[in-house]
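Below is one structure, written out as structure tokens; the observations come after it.
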Amino acid sequence: MLLSIIKNTQLLKIYDTIKTSFWFTPCLILVSTLCACALFLCIDLYSDFYRVSWLHFLYHSDADIIRTLLTTIAGSVMTVVSITFSITIVALTNASSQFGPRLIRNFMEDVSTQIVLGVFISLFVYCLILTRMTDHFANQSFLPGLTIAGAALMTLFGILLLIYFIHHVAQSLQSDHIIDNVYSELQSSIRKIFDQQKAKESCESQDINEPTAGTLPVSLKSPYCGYIQAINYDQLTEWMSKLDGHIDVIVAPGDFVVSRKTTMLCNVKTLSTTDETNLHNCFTLGSKRTPIQDPEFAVDQLVEIALRALSPGINDPYSAIACVDKLTAMICDLTQDKFPQGIAFDNQGNQRLNYKVTSFEGLANTAYDQIRQYSQNCLAVSLRQLEGLACIAEQANEASHWTFVRHQKHMIEHGLKQQSLIDLDREKINRRLKHLNTLLNSGD
């Protein structure tokens with residue numbers, strides 16, 4: 001939700017980094033816990049709660065017993081923190097080896113794990129601070145009862161949280177659960193990117209002014225090397241409006257650029273070095289791809305899970321079939337959507353920017369090509385891909401949709417013909433091909 005509000009690409013990158021970190025949420029919880037501890041201590045110091053008769057057990061306990069209890073809780077919580085970190089590392093290692101190293105991002109993005117780590121660390125620090133304050137108040141025969149009650153409640157909450165965490169880890173390591181999470185992220189990513197790109201093309205058609213032909217375009221070369229994580233198209237449009245020119249962005253988020261690679265073709269009357277630097281600053285580069293503006297990122301994650309499932313070391317065709325099902329569902333949704341044109345206008349309706357956009361063929365072929373290539377020896381996956389193509393053909397309504405179905409059907413059929421199969425398997429293949437051919441003929 002927040003990604004759709006933030007427009008600055010640098011802030012988007014920072015937000016994405018924070019969201020996939022194990023330090024921000026725990027530190028936030030720790031600071032909040034320290035503030036709560038200070039608040040409770042102030043209430044205990046300056047209130048008259050210790051005179052309330054039914055709170056007598058909180059404010060008139062033995063200080064030595066309370067310190068021993070708090071020390072025991074702190075030591076036990078530190079042991080639980082070690083166990084929690086160990087479980088987390090084991091989960092990350094298992095995810096990296098079985099599903100691919102790029103899936104670690106999804107586990108690090110898990111809010112539940114971040115909260116569990118933050119609560120346990122905060123409880124440990126809370127008990128240490130309270131132990132010292134209890135020693136201070138012992139000489140005055142007074143204890144911070146409300147603060148001690150907070151420690152007890154946090155301990156009970158921590159026990160329940162530990163039970164939930166073990167259940168959550170056991171659930172999150174299931175392949176079907178991981179595949180469904182990646183699919184949900186894929187849907188959210190595509191919808192967000194489509195909405196952002198279409199918003200740039202909301203100019204009325206009668207107000208559109210085509211770019212005027214000027215001098216030969218100037219090639220702008222990237223001063224940096226890395227993956228393009230985000231491009232600030234709004235800022236590019238504003239700069240072109242100020243310079244009264246037009247620019248073509250020939251790279252897209254997810255592309256890897258090397259230093260001195262041409263990334264833009266700029267058509268303006270004059271372009272200073274400062275203007276060129278400002279245009280390059282609209283690109284956010286990093287050492288890895290992110291799903292901020294790259295819809296193929298989540299597609300590649302599902303494909304990677306399927307490829308690893310088909311590897312001889314794992315040999316899990318059911319996970320590969322689940323990936324094919326999710327990718328088929330994604331492609332079916334794309335058949336009902338209108339892809340952006342990659343054009344941006346300024347406030348006066350002048351076309352200022354052309355940029356590369358995601359196409360149906362690009363996403364669909366990315367989803368099917370590698371799985372088809374790696375499933376030559378797994379008939380079940382090939383059959384499921386044929387069934388998926390039939391589902392896509394039922395919802396196809398444009399020429400690009402039919403072209404994709406025909407291309408993939410031809411490639412799968414050609415690959416299956418190269419295999420030596422028994423007659424029953426050939427019958428299953430022919431039945432699906434016949435149904436797919438019927439759908440293709442009805443679409444012509």
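The values are calculated or read from the model by the stated rules, or taken from the named source; none is laboratory data. Being a predicted model, the structure only gives us computed values, none of them experimental. As a convention, Cβ positions derive from the backbone with ideal geometry for all residues, glycine included, and neighbour counts pool all protein chains shown. For the accessible areas, the whole protein counts, side chains as well, though only heavy atoms, and no ligand, DNA or RNA atoms are used. Shrake-Rupley method; radii C 1.70, N 1.55, O 1.52, S 1.80 Å.
Here are a few things to note about the model shown:
- Karplus-derived 3J(HN,Hα), 6.51/-1.76/1.60, for each residue of the stretch 96-105, Hz, glycine and proline x: 5, 7, 8, 10, x, x, 6, 6, 4, 4
- Å² per residue, accessible surface of the chain at 1.4 Å: 50
- Taking the longest Cα principal axis of the chain as reference, the axis of helix 379-395 is set at about 80 degrees.
- Stretching LYS269 away from HIS168 to a fully extended chain increases their span by 30.4 nm, per 0.36 nm per residue minus the current alpha-carbon distance.
- Projecting the Cα atoms of ALA306, ALA329, SER359 onto the charge dipole of the stretch 296-361 (Cβ charges, centred on the Cα centre) puts SER359 farthest toward the positive pole.
- Nonpolar atom fraction for the chain, defined as the carbon and sulfur part of the 1.4 Å probe accessible area, stands at 58 percent.
- Over the chain, the ratio between the Cα radius of gyration and 2.2 N^0.38 Å evaluates to 1.31.
- Anchor LYS428: lysines whose Cα lies under 28 Å away (excluding residues fewer than 8 positions away in-chain): LYS326, LYS409, LYS417
- A cut-off of 5 Å between modelled amide H atoms, ignoring neighbours fewer than 5 places along the same chain, links LEU353 with ILE247, ALA344.
- Ellipsoid equivalent to the stretch 347-444 - semi-axes via the Cα gyration tensor, in Å: 34, 16, 9
- Candidates LEU103, LEU173, LEU424, ranked by Gaussian network fluctuation over the chain, Cα under 10 Å, top entry: LEU424
- Charge dipole (debye, nearest 20) of the chain; +1 at Cβ of Lys and Arg, -1 at Cβ of Asp and Glu: 700
- In the stretch 364-431, taking the dipole from charged Cβ atoms about the Cα centre, the farthest positive-side position among ASN430, LEU389, LEU416 is held by LEU416.
- Relative to the longest principal axis of the Cα atoms of the chain, the long axis of helix 233-243 makes an angle of roughly 70 degrees.
- 24 Å Cα-Cα reach of LYS288 towards lysines, excluding residues that sit fewer than 8 places from it in its own chain: LYS7, LYS13, LYS19, LYS192, LYS221, LYS261, LYS356
- Rolling a 1.4 Å probe over the protein heavy atoms leaves ARG289 with an accessible area of roughly 60 Å².
- Ranked by the mean number of other Cβ atoms within 10 Å per residue, highest first, peptides 313-322, 11-20, 228-237 order as 228-237, 313-322, 11-20.
- Estimated [θ] at 222 nm from DSSP helical runs (n ≥ 4, -39500 (n - 2.57)) normalised by residues in the chain, nearest 500: -21500 deg cm²/dmol
- Accessible area of GLU238 (1.4 Å probe, protein heavy atoms only, ligands and nucleic acids ignored): about 100 Å².
- On Cα atoms only, tilt of 296-310 relative to the major axis of the chain in degrees: 90
- Applying 1/(1 + (r/R0)^6) with R0 = 51 Å to the Cβ-Cβ distance of ASN437 and LYS221 gives a FRET efficiency near 0.55.
- Among beta bridges identified by DSSP and lying wholly in the chain, the antiparallel ones come to about 80 percent.
- GLU238 sits among other residues whose Cβ lies under 11 Å from its own Cβ, and their net charge, with Lys and Arg +1 and Asp and Glu -1, is 0.
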